[in-house]
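The numbers here are math on the coordinates, done by the rules we state, and not lab data. A quick note: this is a predicted structure, and the numbers were derived from the prediction, not measured. So basically every Cβ, Gly included, is an ideal-geometry build from the backbone, and we count neighbours across all protein chains shown.
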Amino acid sequence: MKTDLSIAVFALTLLATLAVSYLGRRHEARKQGGALAGQGLSKWLVGLSAGATANSGFVVTAAVGLGYSVGARWLLLPLSWLAGDVLFWIVFPQRINRVGAEAGATTLTDVVVRDLPLRRKRVLQLLIGSITLVCLGGYVSAQWVSGQKFLMGAFGFGSVISLLVFAAVIVIYSSLGGFRGSVYADTLQACIRIVGTMIAGIAMWVVIARDPAAFWTNLHRAGPDFLQLVPANGLVAALASSAGFAAAALGFGLGQPQIVTRYLAGANPRETQQAWWIYMLFVQSTWLAMTAFGIALRGVMPGLTDPEMGLSAFHRAMTGPIVTGIIAADIFATIAATSNSILVAMAQTLTVDLGRPRGANSTAHRDLWLPIAILGAGTMLLSLTLHSTVKDLALSSVGIMGAGLAPAMIVRVLRWRHSPASLLWAVIGGFAAATLWKYVGYNDIINEAAPGILVGLAVNALIARHGTRSTTNPSA
């Protein structure tokens with residue numbers, strides 16, 4: 001009976017998500033032309049949809065698991081990310097919106113390749129499109145794994161059934177809504193995430209208050225460094241790690257197509273810039289809260305075999321069916337927001353950047369449903385073969401992709417000197433440097449996004465300075 005009621009509450013969330021996706025489809029169908037810069041999103045839609053997309057399954061699975069397994073030091077990750085986000089929001093979103101409007105941009109790639117010679121443009125399109133599909137394929141696979149763990153923990157479903165059901169639901173509503181449906185659904189899911197975070201915190205406080213002595217005993221058994229933000233003799237490592245994650249946040253804002261499209265679609269540069277406090281407040285409050293929840297969970301349920309399932313496992317064991325259903329809806333919304341946005345971005349990459357000649361305008365939902373279905377099925381099958389944690393899949397995809405694409409975006413948005421060759425090699429250099437950095441294992445010291453972005457910018461500067469066709473033309 002308890003499970004049935006929880007599923008019923010969860011089902012209401014699915015119906016609401018389908019409804020707003022359909023509303024987005026209706027609104028998008030009225031638009032003439034497909035440029036996202038003409039979508040006219042308000043600061044609330046930009047901030048909440050970008051925040052929900054950024055949150056991802058990492059927050060409700062990996063962040064909880066890291067807090068549970070390692071302790072307070074993982075609070076440094078969202079705080080380090082905040083430093084990179086502050087730099088990004090001071091400099092870039094309004095400029096991305098302005099450049100996107102000038103270029104009539106639909107995708108991140110459009111911003112990078114605008115006004116380049118046709119042959120060089122096509123090569124860069126193919127390179128960026130390929131990197132996008134590979135990295136976003138890994139990122140969305142991490143979301144499928146998160147969704148699988150969510151359904152297994154919340155309702156006790158089998159692993160394969162959990163994966164199939166979760167992926168199928170996301171693919172259906174992503175196909176239904178298109179880009180604007182994705183924005184509307186993300187905004188709804190952000191609101192659900194806020195409510196779910198508050199409920200989870202209150203529920204944890206109530207459970208701890210029942211037996212505080214046992215709670216503190218379990219936390220002390222976790223080890224002397226568990227509650228330390230910076231472990232003894234670990235200051236240098238913490239600073240290096242923080243710098244790397246700050247760079248990853250900058251790369252995330254500039255190099256993730258599913259995020260960049262939100263800034264391209266803002267009503268104007270001023271409206272887009274004003275979304276900064278909505279985005280950062282949402283991301284930081286929910287991320288910090290979930291890491292803290294994981295830390296507290298170690299004192300309440302110290303024997304979990306898979307801490308990444310901790311949020312749903314806690315509510316399934318400790319709270320009533322209605323609260324469990326709300327939390328299930330919250331976890332679903334958090335993972336679904338990112339999965340949906342990534343699938344739409346991958347479909348846009350496949351149809352616009354890789355498969356459609358420049359100058360063809362088409363981002364309507366009817367053009368995306370088939371590639372969304374194909375990409376959703378393909379990444380779902382890929383996730384069946386993966387054995388990495390959500391943390392490893394998500395951070396690797398974000399870091400490497402940001403390193404490859406952020407340098408070219410920085411150069412184009414800030415109108416730095418460049419040439420077609422310098423942009424091409426900046427992408428190759430950033431991607432290669434980040435991949436090599438991770439391969440040799442240095443990402444345990446500092447995230448691969450930091451060296452990748454630096455190498456990409458250095459390569460662009462070197463080639464543009466010595467090339468014969470470099471330009472600083474504001475329209476280039």
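Cα-based count: Lys pairs in the chain below 20 Å, eight or more positions apart or different chains?
Numbers: LYS2/LYS149; LYS31/LYS43; LYS149/LYS391; LYS391/LYS438.
Taking the Cα cut-off of 20 Å, the pair count is 4.
How big is the gap, in Å, between the Cα center of region 232-309 and the Cα center of region 124-188?
Cα centres, region 232-309 to region 124-188: 19 Å.
What distance in nm separates the simple spin-label points at SER159 and ALA213, each placed 7 Å from Cα in the Cβ direction?
Rounded to a tenth, the inter-label distance reads 4.1 nm.
Output the peptides 93-101, 369-377 sorted from most to least packed, where packing is the average of other Cβ atoms within 10 Å over each peptide's residues.
Numbers: 93-101: 23.9, 369-377: 19.1.
Ranked by mean Cβ neighbours within 10 Å, highest first: 93-101, 369-377.
So if we plug the beta-carbon distance of ALA232 and ALA83 into 1/(1 + (r/R0)^6) with R0 = 25 Å, what FRET efficiency do we get, rounded to 0.05? If you can, show how the numbers build up before the last one.
Details: r = 24 Å, r/R0 = 0.95.
Calculated transfer efficiency: 0.60.
What order do you get for 178-188, 155-165 when each peptide is scored by the mean count of other beta carbon atoms within 10 Å, highest first? Write down the numbers at each step before the final one.
On the way: 178-188: 27.4, 155-165: 15.3.
Highest to lowest by the protection proxy: 178-188, 155-165.
Work out, step by step, the length gained on full extension between LEU354 and LEU370: first 0.36 nm times the residue separation, then minus their alpha carbon distance; give nm to one decimal. Provide the component values of the computation, followed by the final result.
Details: separation 16, 0.36 × 16 = 5.76 nm, distance 1.52 nm.
So the extension gain works out to 4.2 nm.
What is the gain in length, in nm to one decimal, between GLN284 and MET318 on full extension, counting 0.36 nm per residue of separation less the C-alpha to C-alpha distance? Kindly include the intermediate steps, with their values, before the conclusion.
On the way: separation 34, 0.36 × 34 = 12.24 nm, distance 2.61 nm.
Length difference between fully extended and current span is 9.6 nm.
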